[in-house]
Amino acid sequence: MKLKKRTLFCTAPMIALGVFLGHSAQAYTVLDFENRPTNQQIVPPFGDNAGASSDGVTVVGFGTPNIALSWEAAGGAAWQYYNDAVWTAAQLDNSAPGTTHTLGFVPNSAAARVVLQSFNFHPYYESTERFTYRMSILAGTTVVSGPTNITFLSDATKNHPVSINYTGAPGQTVSLRLERLASTLGAGEVEGDPYDIAIDDVIFGQLPETELPIGPQVGLLTPTPGQTGVAAVYYPYQAGITNRDSAVLTNSIRLAFDGAPVSPVITVADGTTLVNFLAATNRLTAGSVHAYTLTYDDSAGSKYTNEVQFTVANYATLPEAYANPPGSGIIRGFTYRTVAAPEDATGLASTVARAKAQLNGTLIDTNTGLPFPNIATSGPNADGSFNIDSVLNLSDTATDTGHFPDDQQFPGLETGPYNWFSTEARLYLDLPAGYYRLGVNSDDGFEFNAIPAEGVSGSPVQLAIYDNGRAADDTLFDFLVTSSGIYGFQLVYFESTGAASCELFSVNLPDGTSILVNDPVNANAIKSYRTLALRPRITSIARSGTNVVLEWAGGNPPFQLQVTPSLANPAWTNVGAPTSNRTATAPMQSDAGFYRVLGQ
């Protein structure tokens, strides 16, 4: 639901008439979004092939019977209907700086031309909020008009008209792209809230003003136009071409990736021609932009082009030093710790910071000035965690939620539902060198970090975060492993109120299937360990007067430090007695000395 984060600054009139610009044609369509359901996502077929008026769509004259619409957003944004006392508009939902909204106008005939005329920005409040956008008109992936920067203060009216007046070529898809930019703020101004902005009165037309035969149409498109976060390997393509008044000629179908021809697999079933391509495993650069271009002819002699642009995920690379040796995992599973506030707790933050404070025992109850007590049951391990031997597929009532069945109760919570609790999972994943996509389905938020191996300096590497409340939903994230090994990870999860659930899974990139991490019956599952068998390894050696001070990590006590004057024919002798510490002091040798640590 849209969150209103401010109250109105004054009671000035809140509704203004839109301004229609560039009406050179006598027939056009207006997207006015009247009588549409608030807070629902805008998806096709809204506004498609409009030959008569309907809820949210006003047709003048002939309309646009040969133009369909596509609604795309990137960066966590979305298109939503919003209707209340201020708006009957298309909310640019979560339109924060760096996000993009794209509205595509797609002819269904090779002879139809799109005419983009105008639209209005409509901020919600009369306030000091400033909004700034970069507007571009694209034909395929080529910018054909703009970019133009537009900035304005929020005044609760739609008196922010934008004139376009662009006519596409016959059969050419034309897109309106709105990129939210950070504003240059004047005195007393603030950056506009990402939920306080919409557009209205989108006006477009069609040439010629006659209903045209419909050619073969592209659907089932993967990736979708403007899609972000596409995996850097495989990046599969699929298009389904459906025959309409004319039929596609299969021998005319061509596909190119970044302008270079590729060889798709073409099949025909139930009147739909499927075009599939799975790229080789050559890895694309993080954040790079690429395009597939599909061309084909039809039985009426027309030619068609369908181009889709996508952006590769910004994946991280795990530090090689964070790897434990391959094969060092001995007991499958993970450890899991739960901390819950008393049932009468209210108003805690829905943030990862709250979760970490709660797990550390430093979350303060403002009513008492003391840390909240933990009402969850502690596990048998020294840190209060439980040993879990299977998968991470949890809910507060053991009711199936998310993608996978057979949910288990959160450890430490015997009955549910519970509110205001936080958990931490520690696990070691067996990862051969390669590119990985993992996902967390959660209700509410989480943070997933790679952590250094024991004795290795370094900070946790944040791979993913959802720092708010939500219903059960996915966050997917990618990373690269350059050195095979067993890597340590931490999953911090928090629940505020309502339902609670958490799943950890991987995505098999060639086919997109999801697999629970540590699934014992799926050969493609990533193995997780909770216990490693590690030999002690010296991590530090430093001179201290006539002695050397050594430190080590890994292994299990008791430890024995040994020294030898040569590695050619080593004669190891003990230095001191066995110890449970991970540090020892030894006299410096008069000549060369080589040290080692033995452990269990």
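Only the coordinates and a few stated rules stand behind these numbers; no lab work does. Not measured: the values here are computed from a predicted model. Quick reminder, even Gly has a Cβ in these numbers, built from the backbone with ideal geometry, and neighbours come from all protein chains shown.
General remarks:
- Only DSSP H runs of four or more residues enter the estimate; each adds -39500 (n - 2.57), and after division by the residues of the chain the mean residue ellipticity at 222 nm equals -500 deg cm²/dmol.
- Residue-span extension gain [Val262 to Asn522] - 0.36 nm each, minus C-alpha spacing: 90.3 nm
- Between the listed residues Tyr296, Gln206, Gln600, the Cα displaced farthest toward the positive end of the dipole of the chain, a dipole computed from Cβ unit charges relative to the Cα centre, is found at Gln600.
- Projection of the Cα convex hull of region 364-447, averaged over all directions and equal to a quarter of that hull's surface, yields 7.8 nm².
- Local electrostatic count, Arg134, Cβ distance below 15 Å [Lys/Arg +1, Asp/Glu -1]: +2
- Within the chain, the longest run free of exposed loop sites, counting GluC sites (Glu not before Pro) that sit outside DSSP helix and strand states (H, G, I, E, B) and have at most 12 other Cβ atoms within 10 Å, spans 1-342.
- Under 16 Å of direct C-alpha separation, and excluding same-chain neighbours fewer than eight residues apart, Lys356 reaches these aspartates and glutamates: Asp365, Asp383, Glu424, Asp444, Glu447, Asp467, Glu495.
- Based on the Stokes-Einstein relation at 37 °C and a viscosity of 0.692 mPa s, and on the Kirkwood radius from alpha carbon pairs, the chain is assigned a translational diffusion coefficient of 116 µm²/s.
- Using θ = phi - 60° in the Karplus curve 6.51 cos²θ - 1.76 cosθ + 1.60, the 3J(HN,Hα) couplings for region 55-66 round to 4, x, 10, 10, 9, 10, x, 6, x, 9, x, 10 Hz; x is entered for Gly and Pro.
- Charge dipole (debye, nearest 20) of the chain; +1 at Cβ of Lys and Arg, -1 at Cβ of Asp and Glu: 1800
- Segment Ala280-Asn149, extension gain: residue separation times 0.36 nm, minus the distance between their alpha carbons: 43.3 nm
- Gain on full stretching of the segment that runs from Ala316 to Ala499 - 0.36 nm per residue minus C-alpha separation: 62.8 nm
- Sorted by Cβ density within 10 Å, fewest first, the residues Asp406, Asp519: Asp406, Asp519
- Prolate/oblate/rounded call for region 179-275, Cα gyration tensor, a/c under 1.5 rounded: oblate
- Pair Asn159, Gln227: separation of 7 Å Cα→Cβ label points (nm): 4.4
- Model label sites at Asn556 and Ser378, defined 7 Å from Cα along the beta-carbon direction, differ in position by 2.2 nm.
- Percent RCO, i.e. relative contact order, over the chain, from Cα pairs under 8 Å lying at least 6 residues apart: 10
- Set of aspartates and glutamates with alpha-carbon distance to Lys527 below 13 Å, sequence-local pairs under 8 removed: Asp389, Asp430, Asp519
- Distant alpha-carbon pairs in region 537-598 (separation over 16 angstrom), percent: 42
- At an R0 of 25 angstrom, the distance between the Cβ atoms of Thr583 and Thr546 translates into a FRET efficiency of 0.90.
- Exposure proxy ranking, count of Cβ atoms within 10 Å, fewest first, for Lys303, Lys356, Lys158: Lys303, Lys356, Lys158
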